[in-house]
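Structure, as structure tokens:
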């Protein structure tokens with residue numbers, strides 16, 4: 001089964017990147033307990049002062065989809081949404097390498 | 001010291017994505033021996049049939065820069081260049097999360 005990967009850019013509303021980053025890092029901590037989530041790394045954009053990039057790799061697209069209905073995920077999304085101006089996602093298919 | 005991260009998109013010349021992918025995966029295998037390279041994951045683009053995305057995280061920008069003069073890196077770059085039509089890089093600053 002193919003892994004699921006994505007680079008997801010969250011553009012925060014002006015001045016809201018820091019609280020949004022905190023929520024994303026909390027979400028990443030909660031995902032430590034979910035083995036299907038293999039990578040969830042929160043990054044600051046090196047180009048856009050309002051943006052965060054999240055690197056995601058899941059064991060499958062189904063596992064990623066199922067995670068969206070986890071209570072902890074729903075709760076984090078509800079807290080994050082008011083801080084978000086836009087979301088873009090670059091889908092990638094992880095093949096191999098160091099750290100996978 | 002800040003970690004160094006990037007999403008690097010390599011667009012292969014028509015029909016050359018597979019051999020380019022092989023070279024990238026070999027490079028990733030060689031980087032297993034380089035602790036400063038924390039993540040080097042090779043992905044197929046989920047949008048562009050000629051493109052590969054590499055997710056990179058290094059312990060520092062200096063470590064990343066130094067790696068470019070490693071003989072194995074130079075050799076891989078020399079083999080890959082004829083297969084590459086274009087390169088784009090999205091710089092990111094890794095902050096934390098699962099897999100880092």
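Please arrange A:92, A:54 by counting, for each residue, the other beta carbons lying within 10 Å of its beta carbon, fewest first.
Least crowded to most crowded, the residues run A:54, A:92.
Within a 10 angstrom radius of the beta carbon, how do A:25, B:20 rank from fewest other beta carbons to most?
Neighbour counts put them in this order, fewest first: A:25, B:20.
Return the calculated 222 nm mean residue ellipticity for the protein assembly as shown, to the nearest 500 deg cm²/dmol, obtained by summing -39500 (n - 2.57) across DSSP H runs with n ≥ 4 and dividing by the residue count.
Value at 222 nm, helices only: -9000 deg cm²/dmol.
In nm², what is the average projected area of the convex hull enclosing the Cα atoms of chain B?
With the hull built on Cα positions only, its mean projection is 6.3 nm².
First measure r as the distance between the Cβ atoms of residue B:48 and residue B:75, then evaluate 1/(1 + (r/R0)^6) with R0 = 25 Å and state the FRET efficiency to the nearest 0.05.
With a Förster radius of 25 Å, E is 0.40.
Calculate how steeply helix A:17-30 sits against the longest principal axis of the alpha-carbon atoms of chain A, using the helix alpha-carbon long axis, and give the answer as 0 to 90 degrees to the nearest 10.
Relative to chain A, helix A:17-30 is tipped by roughly 30 degrees.
Order these peptides, A:77-83, A:47-53, by their mean beta-carbon neighbour count within 10 angstrom, highest first.
Output ranking for A:77-83, A:47-53: A:47-53, A:77-83.
Calculate I(q)/I(0) for the protein assembly as shown by the Debye formula, one identical point scatterer on each C-alpha and no solvent, and give its log10 at q = 0.09, 0.17 Å⁻¹ to two decimals.
Each listed q corresponds, in turn, to -0.34, -1.16.
In degrees between 0 and 90, to the nearest 10, how far off the longest principal axis of chain A does helix A:71-80 point, with axes built from Cα atoms?
Compared with the principal axis, the helix lies near 30 degrees.
Since every read-out is calculated from the coordinates, none of them should be taken as a lab result. This is a predicted model, so every value here is computed, not measured. Cβ coordinates were reconstructed from backbone atoms using ideal geometry, including for glycine residues, and neighbour counts include every protein chain displayed.
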